[in-house]
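Taken together, the values in this text are just the output of simple stated rules run on the coordinates, not laboratory data. Just so it is clear, the structure is predicted and the values come from calculations on it, not from any experiment. Positions of Cβ are backbone-derived with ideal geometry, glycine not excepted, and every protein chain shown enters the neighbour counts.
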Amino acid sequence: MSGDSGFYSGTKKLLPMLSGCDVKVLPGVSSLSLLCARLGLSYEDIPTASLHGRDYPIEDLIRRSARVFAMTGGSDGVNRLCERLIGAGLADTILHVGERLSYPDEKITTGSPEELRSMTFDSLSAVIIEDPCPCGIVTGGLPDDAFVRGADGTEVVPMTKSEVRAVCLSKLRLTESSVCWDIGAGTGSVSVEMALKAPRGHVYAVEKKDAAADLIEVNGKALGASNVTVVRGTAPAACEDLPAPTHVFIGGSSGNMKEIIALALSKSPDARIVATAVTLESVSELATVMKEFGPGESEAVLLSVSRDRKAGPYHLMNALNPVYIFTMQHKSAEGGAL
């Protein structure tokens with residue numbers, strides 16, 4: 001195999017086809033090792049990603065790391081990466097692009113996304129992206145002002161507030177490869193945070209209002225959550241063709257709470273479900289669902305949050321609407337709650 005046989009290589013799919021044969025894997029030169037050697041860098045603390053035929057949310061990885069290694073694909077792979085970095089507010093990063101590494105015509109080009117965005121590069125290029133000031137937030141509950149809630153003169157779209165969002169993310173217990181549904185996604189604040197916590201997974205943000213759905217796309221792009229797909233429509237009908245979820249967050253059900261949960265569980269009986277309620281009607285509906293849920297984990301939490309506001313020389317506390325947070329998950333086939 002040419003290149004590193006253990007890093008997004010055809011070796012992974014080839015080996016099972018050679019079952020029964022006497023096989024020895026002979027790897028080529030690792031592009032990560034070679035590019036770092038050329039730049040005089042150690043790669044023991046450099047996270048890696050592949051953008052070759054994949055839409056990995058690399059922006060968040062860059063925000064949290066001083067250096068990131070990535071493989072690009074296609075004649076415009078580096079150009080598309082530069083455009084993504086500029087669009088995500090990462091124009092200050094520095095890229096080292098390695099082309100044809102280990103060959104006689106090897107070439108390494110260094111520059112900012114703006115400087116490299118219009119240049120031509122080899123279709124399979126290796127890139128190290130350096131962020132001089134990595135400042136990505138790794139805890140849940142991004143500040144509310146990190147999300148756009150509406151353009152000037154338009155209606156402000158409802159959003160799950162930072163404190164509530166942090167608790168909901170904790171209750172969801174996401175993994176890196178979670179497949180999530182966000183029902184009634186609003187501005188996409190929960191969708192985006194789920195996507196950032198599950199970089200190898202995917203989030204389907206279901207929203208019936210076009211203005212809100214547009215905002216989810218804006219917020220996802222701005223915060224580097226490229227693994228969010230906006231699904232326009234009302235649940236559960238809009239979820240019929242979605243992949244089976246491992247996790248479901250319900251922020252708005254349009255009166256279809258039971259039907260949404262029933263559909264999710266029909267696709268994935270062990271799916272972990274977290275739902276919020278503000279109105280007494282929604283609380284009553286969720287309490288009934290939880291009572292009928294069956295064996296497994298179920299929990300209800302009432303969260304009350306107050307925020308300070310300035311009143312002359314003093315500060316007073318303003319209470320936000322109390323929010324009920326319901327968590328439910330059936331026991332797995334192995335006999336224990338996940």
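When each of the peptides 68-81, 276-289 is scored by how many other beta carbons lie within 10 Å of its residues on average, the order from highest to lowest is 68-81, 276-289. Placing unit charges on the Cβ atoms only, positive for Lys and Arg and negative for Asp and Glu, gives segment 239-338 a dipole magnitude near 460 debye about its Cα centre. Amide H contacts for Val29 (H built 1.01 Å from N in the peptide plane; partners 5 or more residues away or on another chain; cut-off under 5 Å): Gly3. The label-point distance for Ser112 and Ala37, in a model that sets each label 7 Å from Cα toward Cβ, rounds to 3.3 nm. What shape does segment 105-171 have by the C-alpha gyration tensor, where a ≥ b ≥ c are the square roots of the eigenvalues, rounded means a/c under 1.5, and otherwise prolate means a/b greater than b/c and oblate the rest? Note, shape of segment 105-171 comes out prolate.
Using the Karplus relation 6.51 cos²θ - 1.76 cosθ + 1.60 with θ = phi - 60°, the per-residue 3J(HN,Hα) values for segment 7-13 come to 10, 6, 9, x, 4, 4, 8 Hz, with x marking Gly and Pro. Selection among Thr327, Leu215, Gly73 by position relative to the dipole of the chain gives Thr327 as farthest towards the positive end (Cβ unit charges, Cα centre). Across the chain, the relative contact order, built from alpha-carbon pairs under 8 Å that are at least six residues apart, equals 12 percent.
Please label the shape of segment 11-130 as rounded, prolate or oblate, based on the square roots a ≥ b ≥ c of the eigenvalues of the alpha-carbon gyration tensor (a/c under 1.5 means rounded; beyond that, a/b larger than b/c means prolate, else oblate). Verdict is prolate for segment 11-130. Averaging Cα coordinates gives a centre for segment 166-232 and one for segment 260-328; these two points are 18 Å apart. Give the shape of segment 144-330 as rounded, prolate or oblate, defined through the alpha-carbon gyration tensor: a ≥ b ≥ c are the square roots of its eigenvalues, a/c under 1.5 means rounded, and otherwise the shape is prolate if a/b is larger than b/c and oblate if not. Judged from the Cα gyration tensor, segment 144-330 comes out oblate (a/c at least 1.5, b/c at or above a/b).
Estimated from helices alone, the mean residue ellipticity of the chain at 222 nm is -8000 deg cm²/dmol (sum of -39500 (n - 2.57) over DSSP H runs with n ≥ 4, per residue). Candidates Leu316, Val274, Thr288 compared by Cα position along the dipole of segment 229-326: farthest toward the positive end lies Leu316, with charges placed on Cβ.
Extension gain for Arg309-Ile137 works out to 59.4 nm (0.36 nm per residue, less the C-alpha to C-alpha distance).
A simple rule links phi to the HN-Hα coupling: the Karplus curve 6.51 cos²θ - 1.76 cosθ + 1.60 with θ = phi - 60°, which for segment 115-128 gives 6, 9, 4, 9, 7, 9, 10, 4, 5, 10, 10, 9, 9, 10 Hz, with x for Gly and Pro.
For the chain, the C-alpha radius of gyration sits at 1.15 times the compact-globule guess of 2.2 N^0.38 Å, with N the residue count. Most tightly packed first, judged by the mean number of other beta-carbon atoms within 10 Å of their residues, the peptides 125-137, 28-40, 241-253, 104-116 read 241-253, 125-137, 28-40, 104-116. When +1 charges are put on Lys and Arg Cβ atoms and -1 charges on Asp and Glu Cβ atoms, the dipole computed for the chain relative to its Cα centre reaches about 460 debye. Given points 7 Å out from each Cα along the Cα-Cβ axis, report the Arg100 to Met317 separation in nanometres with one decimal. Placing both labels 7 Å beyond Cα along the Cβ direction yields 6.8 nm.
Of all DSSP bridge pairs formed entirely within the chain, close to 60 percent run antiparallel.
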